[in-house]
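The values are calculated or read from the model by the stated rules, or taken from the named source; none is laboratory data. This is a predicted model, so every value here is computed, not measured. FYI the Cβ positions are ideal-geometry reconstructions off the backbone, even for glycines, and counts take in every protein chain you see.
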Amino acid sequence: MTASYLSMDIMQHFPVISIMILFLGAFLVAVFGRSKAMRVIIVSASVLTSFVLMALLIKPIMIDGQIITYWMGNWAPVDGYAIGIGIEVDALSLFFGLLVAIAVMLSGFYSFKYITQDDSPDKFFTLYLMLAGGVMGIVLSGDLFNIFVMLEVMTFAAVALTSFRSWKDGAREAAFKYLVVGSIGSTCVLLGTALVYAQCHTLNLAQISAIASNDMNPTMIMAFALLFTGFGVKAFMTPFHPIAADAHAAAPSSVSVLISGVFTKTGVYGIIRVSYFLFRSMGMSAMQTGLVFIGCVSMFVCVTMALNQHDFKRLLAFHSISQIGYILTALGLCSALGVVGGLYHAINHTLFKGLLFLVAGSVLYGTGTTYLDKLGGLAKKMPQTAALFMIGALSISGIPPFNGFVSKWMIYQATFEKAAETGSIGYAFVTIICVVTSVLTLASFVKVGQSVFFGELPLELENTKESPLSMRIPMWIMAGLCVLTGVFPNLMQKYLLNPAMESVLHPNIYIDAMLGEGYTAAHLLNQTQLASSSYTFAGYWDPLKWLVLFVIVLLGVFIAMLLGGSSKGTRALARDDKHDTFFGGEKNVYSQVASGDLFWGFKHNFRHYLSFMSNAHSGVTNDYVTWGVVDLAVILVYCFIFM
Amino acid sequence: MSILKNVVYVLIFPGLLFTAVFGLWLAGVDRKMVARMQKRIGPPLMQPAYDFFKLLGKETILPDNAARLTFTAAPYVGLVSLVVTVLLIPLAGFQVFGGVADVVVILYLLTIPSLALIFGGSASGSPYAGVGISRQMVTIMAYELPLIIILLAVGRLAGRGYDMGVTFSLGQMAEFQAANGPNIFHWSMIPAALAMLFVIPCEVGAHPFDVGEAETEICEGPLVEYSGAPLAVFKLSHAIKMFVMTALFTALFLGGITTGMLWLDIIIVLVICTLVTIISMSLAHAITARLKVEQVFKFYWTVVTGLALISLILVWIGV
């Protein structure tokens, strides 16, 4: 029914409205946001509208395979030269747009209650919507300079939000680091854009893509390296990861959801656009190796750093980059299965990491701290939050049947198939690193579970209450999505991932849709396709059947228990000193294992590596800037040698 | 009718009832063999089964510190996921539920019971359990690395004939072995099979790798607060895990032995499972003392991983 009266004429305005409505909301909140009711109405209206518009576009773009082109102010191209700013939405843009809209909506609803403990919530929501609008602008835009502008809007909103709780220890410092290191990224993007403009005389993505790869002269190679690094900074790829950790720890949780789930995704989106689309450099095996290497390093370094953390949110922050590492690795394979796995992991990461940050926010809201060693036994006081944490933790650790597993499983297959295809055993080691990272992820969430939700309850947390309903509902929605995306991988592939993968691997359709049929054929010299868009799995996984079997066996066990008659019931012990823990005849008071002492056998064997790593993460901005500049230099040299 | 048949498969053979009985029997064999190797008479073969029923009849006590739902639910989740995993591993060409999970999924499904133990122990609130789960997690980290390398090596060997060049499918691995003889007779697979023999006791939590449940040091770690039916279920899971891991070993390295009669093939597989139990678990149990946790980790990430890597490299260069 929707399709009948929502014609394309109306739909082509949806993308631009879904960006504008967020910015409009930001200004309206700034003006009228003093009263709580107005704030809730304005913010809800704008995030909901944005989400609904994105969701309505699924039918024409994902299923019918159309591409929406919109020229701002109707400045259509003249003689094949784009002169205005274009908004263009293909399946890839819509994929990221949906992801942004879901995270922004749920996190926004969560914030209403969560932010009541702070001063000036109107300013919070102004910045929040600016950040959301910036991100939305990046993924839907079809213009390189427009992307840069939105990138800046997004970055500055994020920096301001990081220091929003400026009374908090380290908040301003984190924002400062973020600003300094983040501006390396922005500078790179700006410089790259300038070089591209000088060479191609256009800023339109489609037009650049049609002519850039024809002549990869040194200037263009430099532009590629700069743009790649610039977006890499936004994705916090190693060695830019330490700023993310500080920023997440200081920022309010609902902002962490955006920084981790959405902000970093723009980096991933940028890297896809730059290397698959603009410069089409992903076909080169050197580029693939490079991206996979960066992905693996990010994955492993950050997961080992996460194991060492004592703060719930810092730990989550390191895991974000580790998961981004998975995505980059998968995308670096430049195979259909790799792209599908990478995009799948991107949406899964937004969901489970969003959920986990909101859980951390609830813990902070209820107890006033996220320091692991001060918490414990919260499952008794916050049972729903504990259940939500379990869902998030099992998802991120890749335990079937939750969503993290399916995407990781696809990535394992993609890397291993790549190993067989290229005959290089190196890619088999990539698979091994992925699996090891997944186990270490599990370990660090066992640590969080033990230190925050299980174990002994410290006396000062006796009065902790379950988080309010308005905070739990968005979390339950996210948890539900974590389960659904895990149980129905077929539907995910059919309606979201395959169309997005097609548009990553077939950029020519995008160009022709924007600049007219036949434009690519006339301008692009090398017409070879990056990779075939069909893929086969090396194995199989059917979550639904598994769940059915699980339920049948569960029923069987219960029937057996009833028939076998575990006649004696359960009994809770009355509180008595004799049930406490004793050691050598002395009563142990709060003898819970400290979070830093867990996994001693592992840490002992890796002590040199771990102490080197924690020394290297000195927290000094200068060091991090040095790492960044060195990394940029390495990438530049690498590109000049191999491209 | 077919639904009824499937329910019988799930609940009777090779599902819940059979795995429970055979698992407990394997545990009995293990205890008996260890006793004989140490020149003791040892308990009767069905002793683990007697223990199981005895525990079922005991009262369950909930500790004051426990997070109750997790504490009570964890053993059952672990048991059920383990039984489902058995259904997904082919027993000599007898696989009722093909196409559900490949070998990498099984690797992950096998972590669910361990996780159930970890979160159950964690939920009990005891500091002994805290130490126990920490060690348990380290053993998981220890064996997971060699195990994935073993699976990749087998997957590469068996997958050569297919267009992807690799396979994770247990069905295709069985086909490959039916055509080319059991994997263990390939030179390149011998180190991997050896590594797998080391992985089995660590995954099961058998002596000398049972650092997580060390009775003498930390009072069975995660199990310290458990009693009655949940404890019985954990003990049952432990026994079933022996069956799962030995069956997986058989499927990976000793598949394709066929006599033409399915029931005879299944019996052969069960005999092999028993033999593997004796070799990989009883023997090591009888002759070694428990390792320290950092030694377990080091052993698996050096020696066992090294063996598995040798296999992977040999397969890769086509030996």
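Structure summary
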quantity	calculated
Elements of type helices (runs of 4 or more DSSP H) in segment A:443-529, at least 1 residues being of a type in the set (Asp, Glu) and over 30 Å from B:TYR143 (Cβ atoms)	A:498-505, A:507-515
Where a residue in segment A:175-198 is touching a residue at least 40 places away in the same chain (Cβ under 8 Å) and more than 20 Å from A:ASP631 (Cβ to Cβ) and its partner, wherever it lies, is aromatic (Phe, Trp, Tyr) and outside any helix (DSSP H, G or I), with Cβ under 9 Å and at least six apart	A:ALA175/A:PHE164
Residue in segment A:303-318 that is within 14 Å of the chain's Cα centre (by Cα) and within 24 Å of A:ALA414 (Cα to Cα) present	no
Residue within segment A:567-574 that is under 17 Å from A:ALA91 (Cβ atoms) and of a type outside the set (A, V, I, L, M) present	no
Scan of segment A:400-428 for residues that are out of contact with any helix residue (DSSP H, G or I) (no Cβ under 6 Å at 6 or more places or on another chain) and of a type in the set (Val, Ile, Thr), ordered by number	A:THR422
Options A:ALA560, A:ALA522, A:ALA572: the member that is loosely packed, with under 12 Cβ neighbours inside 10 Å and either at pLDDT 75 or above or at the interface with chain B (Cβ under 9 Å from one of its Cβ atoms) (or both)	A:ALA522
Selection status of A:PHE300, of a type in the set (Phe, Trp, Tyr), over 25 Å from A:VAL483 (Cβ atoms) and either in contact with a His (Cβ under 9 Å, 6 or more places away or on another chain) or in a helix (DSSP H, G or I) (or both)	yes
Number of positions in segment A:379-403 that are in a helix (DSSP H, G or I), facing another protein chain (nearest Cβ under 10 Å), surrounded by 24 or more Cβ atoms within 10 Å (Cβ to Cβ) and not hydrophobic (A, V, I, L, M, F, W, C)	0
Residue tally, condition among the hydrophobic types (A, V, I, L, M, F, W, C), out of contact with any Leu (no Cβ under 6 Å at 6 or more places or on another chain) and more than 30 Å from A:ALA379 (Cβ to Cβ), over segment B:95-134	2
Residues of segment B:285-301 classified as assigned to a loop (DSSP other than H, G, I, E, B), buried (at least 17 other Cβ atoms within 10 Å of the Cβ) and among the hydrophobic types (A, V, I, L, M, F, W, C), total	1
Among the residues listed as A:VAL40, A:VAL52, A:VAL100, A:VAL47, the single one being farther than 25 Å from A:THR264 by Cα and part of a helix (DSSP H, G or I)	A:VAL40
Residue match in segment B:1-10 (condition: more than 7 Å from chain A (Cβ to nearest Cβ), under 23 Å from B:VAL269 (Cα atoms) and under 22 Å from the mean Cα position of the chain (by Cα))	yes
Filter result for the condition that a residue is farther than 25 Å from A:THR329 by Cβ and modelled with pLDDT under 85, over A:ALA249, A:ALA194	A:ALA249
Options A:PHE318, A:PHE263, A:PHE312; residue that is of a type in the set (Phe, Trp, Tyr), crowded, with 24+ Cβ neighbours inside 10 Å and more than 28 Å from B:LEU145 (Cα to Cα)	A:PHE263
Filter result for the condition that a residue is touching a residue at least 60 places away in the same chain (Cβ under 8 Å), among the aliphatic types (A, V, I, L, M) and not in a helix (DSSP H, G or I), over A:ILE83, A:ILE138, A:ILE87	A:ILE87
Unique match (being more than 18 Å from A:ALA386 (Cβ to Cβ), facing chain A (nearest Cβ under 7 Å) and not acidic (Asp, Glu)) among B:LEU87, B:LEU107	B:LEU87
Qualifying positions in segment B:129-147 - at the interface with another protein chain (Cβ under 7 Å from one of its Cβ atoms) and of a type outside the set (S, T, N, Q)	B:GLY130, B:VAL131, B:ILE133, B:ARG135, B:MET137, B:VAL138, B:ILE140, B:MET141, B:GLU144, B:LEU145
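Residues are listed down the side, and each one gets a yes or a no for (1) among the charged types (D, E, K, R); (2) buried (at least 24 other Cβ atoms within 10 Å of the Cβ); (3) at pLDDT 85 or above:
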site: B:VAL211; (1), (2), (3): no, yes, no
site: B:GLU220; (1), (2), (3): yes, no, no
site: B:MET242; (1), (2), (3): no, yes, yes
site: B:GLY255; (1), (2), (3): no, yes, no
site: B:ILE266; (1), (2), (3): no, no, no
site: B:LEU270; (1), (2), (3): no, no, no
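Residue-by-condition table, conditions (1) within 14 Å of chain B (Cβ to nearest Cβ); (2) at pLDDT 80 or above; (3) under 31 Å from the mean Cα position of the chain (by Cα):
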site	(1), (2), (3)
A:LEU496	no, yes, yes
A:ASN508	no, yes, yes
A:GLU517	no, no, no
A:ALA538	yes, no, yes
A:PRO543	yes, yes, yes
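For every residue, the table says whether it meets (1) under 30 Å from B:PRO127 (Cα atoms); (2) within 13 Å of chain B (Cβ to nearest Cβ).
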residue	(1), (2)
A:LYS418	no, yes
A:GLU421	no, yes
A:ALA428	no, yes
A:VAL439	yes, yes
A:SER444	yes, yes
A:LEU457	yes, yes
A:THR464	yes, no
A:LEU469	no, no
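For (1) buried (at least 21 other Cβ atoms within 10 Å of the Cβ); (2) in contact (Cβ under 8 Å) with a residue 12 or more places away in the chain; (3) touching a Ser or Thr at 6+ places or on another chain (Cβ under 8 Å); (4) not basic (Lys, Arg), each residue gets a yes or a no:
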| position | (1), (2), (3), (4) |
| --- | --- |
| A:PHE416 | yes, yes, yes, yes |
| A:THR437 | yes, yes, yes, yes |
| A:ALA443 | yes, yes, no, yes |
| A:GLY455 | yes, yes, yes, yes |
| A:LEU469 | no, no, no, yes |
| A:ASN490 | no, no, no, yes |
| A:GLN493 | no, yes, no, yes |
